[in-house]
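Have a look at the structure below before the remarks.
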Amino acid sequence: MVNRPIPTRVPAQPGRAVVVAGTAAACAIALHTAVNLRFLRTPSPSAPDVDEPVTVLIPARDEAAHAETTVRSVLAQEGVPSLTVIVLDDGSSDGTAEILDRLALEDTRLSVVHAPDVPPPAGWLGKPWACARLAELAPGSVLVFVDADVALRPHAIRSAVEMMRQHGFDLLAPYPFQESTGWLERLVQPLVTWSWAAMVPLRWAESSTRPSLSAANGQFIAIDADAYRAVDGHRAVRADVIEDVALMRAVKSSGRLTATVDGSTIASCRMYDGSTAVVDGYAKSLWSAFNGPVGSVAVNALLLGIYVAPAVAAITARDTRTRRIGLLGYAAGAASRGLVARRTGERTLPDALLQPASIVAFTALNVISWQRHLRGSNTWKGRAVITT
């Protein structure tokens, strides 16, 4: 009689539950991304001329490299017969003021306001303070806030205002195309658009006044002037580091409707030029993005669990089943990223395949942001990112 060993059941690996949960979430988000993009609005290049006065407001601080391109693109807008452009030179020291003054001599629609290089009043951050001062000078029934490093297509404002009025939105946030060149830019910048396109239920957000359903980019925002003043404009968000989202939340809280739309065909921006600028730019704001340290830890842990754990398991798991589950989760994450990239004109391959690396980089930027915030060393363009 031959003694045969009794087969024993291999215990499940403790990490498999994380991989399974992460993969399930990645697949669900990929499906939601596809549905979201199906209904994502894009401003039409054939929109009719705007029949109301529009004021474009541009805060500029040390933007000599970009200001002329931005201002000329605004002045070149088509179909906006009643257009006023006001630029605030916010204490620039790099030649921005001289560039703006020269442009103002060429076009009477452009006004330049020079402000001294002094800290904002107590309780204010720099950009909200600049935007608030601009809005005080603005005529017109529509206000359009544009950052000084954004380039607009000739139909950008016409199509944005038409969409806002046609659908009854009081605030429209067309997300510009995010230009990225360096390796860290290519890892991190696509997450800006991907995050809302994949996560925010856009059509629900358009019909809801829930402040939590807000996604905006201060690079380009159009808002009804009466609605802006009714919510107290940038004064209401004067201490918010992420003032664009806060402004949308304020509008929603007042019972008004807003929309986040695909602005990649009407505007573009290279948000940060090089790796150092990427680190400094995200470090100044990420600490405030998730409602405190607990929220920050929770969000980053979820992202790592959904997009990094499956990818790691696909390579390192000891059993075939876990590797296959991990591979599915990794593929779902890459698919979600790729769908958004294809829709918005960003690089699809190989960048979408690096989604796990992008999430790791984003988490590292969160850590740096919190370190600098706790040390009080977060600055942007020579000013401390802290209200007093």
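The values are calculated or read from the model by the stated rules, or taken from the named source; none is laboratory data. Values in this document were obtained by computation on a predicted structure and should not be read as measured data. Methodologically, a virtual Cβ is constructed for each residue, glycine included, from the backbone with ideal geometry; neighbour enumeration extends over all protein chains shown.
Looking at region 350-365, is at least one residue farther than 23 Å from ALA298 by Cα and among the small types (Gly, Ala, Ser)? Full working, then the answer.
Here is the first cut: in region 350-365, the ones farther than 23 Å from ALA298 by Cα are 350-353.
Add one more test, that the residue is among the small types (Gly, Ala, Ser), and what stays is 352.
Yes, region 350-365 contains a residue that is farther than 23 Å from ALA298 by Cα and among the small types (Gly, Ala, Ser).
Among the candidates ALA246, ALA301, ALA311, single out the residue that is assigned to a helix (DSSP H, G or I) and over 30 Å from ARG203 (Cβ atoms).
Details: ALA246 fails: over 30 Å from ARG203 (Cβ atoms); ALA301 fails: over 30 Å from ARG203 (Cβ atoms).
Going through ALA246, ALA301, ALA311 in turn, just one is assigned to a helix (DSSP H, G or I) and over 30 Å from ARG203 (Cβ atoms): ALA311.
Take the conditions in contact with an Asp or Glu (Cβ under 9 Å, 6 or more places away or on another chain), buried (at least 19 other Cβ atoms within 10 Å of the Cβ), under 23 Å from GLY218 (Cβ atoms) and hydrophobic (A, V, I, L, M, F, W, C) and apply them to VAL56. Does it pass? I'd like the intermediate steps shown before the answer.
On the way: in contact with an Asp or Glu (Cβ under 9 Å, 6 or more places away or on another chain): no; buried (at least 19 other Cβ atoms within 10 Å of the Cβ): yes; under 23 Å from GLY218 (Cβ atoms): yes; hydrophobic (A, V, I, L, M, F, W, C): yes.
Taking the combined requirement at face value, the residue does not satisfy it.
The rows are residues; the columns are (1) on the phi > 0 side of the Ramachandran plot; (2) hydrophobic (A, V, I, L, M, F, W, C); (3) touching a residue at least 40 places away in the same chain (Cβ under 8 Å); (4) crowded, with 20+ Cβ neighbours inside 10 Å.
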site: LEU339; (1), (2), (3), (4): no, yes, yes, yes
site: LEU353; (1), (2), (3), (4): no, yes, no, no
site: VAL360; (1), (2), (3), (4): no, yes, yes, no
site: ALA364; (1), (2), (3), (4): no, yes, no, no
site: GLN371; (1), (2), (3), (4): no, no, no, no
Just one of the numbered conditions (1) surrounded by fewer than 23 Cβ atoms within 10 Å (Cβ to Cβ); (2) among the small types (Gly, Ala, Ser); (3) closer than 27 Å to LEU37 by Cβ; (4) in contact (Cβ under 8 Å) with a residue 12 or more places away in the chain is not true of ALA298; which one?
-> (4)
Is it true that some residue in region 122-134 is surrounded by fewer than 18 Cβ atoms within 10 Å (Cβ to Cβ), under 15 Å from ARG383 (Cβ atoms) and modelled with pLDDT under 95?
-> yes
Qualifying residue in region 252-262 (condition: crowded, with 20+ Cβ neighbours inside 10 Å and of a type in the set (Asp, Glu)) = yes
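Somewhere in region 155-170, is a residue in contact with a helix residue (DSSP H, G or I) (Cβ under 6 Å, 6 or more places away or on another chain), of a type outside the set (Phe, Trp, Tyr) and buried (at least 21 other Cβ atoms within 10 Å of the Cβ)?
Within region 155-170, the subset in contact with a helix residue (DSSP H, G or I) (Cβ under 6 Å, 6 or more places away or on another chain) is 170.
This time we only want the ones that are of a type outside the set (Phe, Trp, Tyr), so: 170.
Imposing the further condition that a residue be buried (at least 21 other Cβ atoms within 10 Å of the Cβ) reduces the set to 170.
Yes, some residue in region 155-170 is in contact with a helix residue (DSSP H, G or I) (Cβ under 6 Å, 6 or more places away or on another chain), of a type outside the set (Phe, Trp, Tyr) and buried (at least 21 other Cβ atoms within 10 Å of the Cβ).
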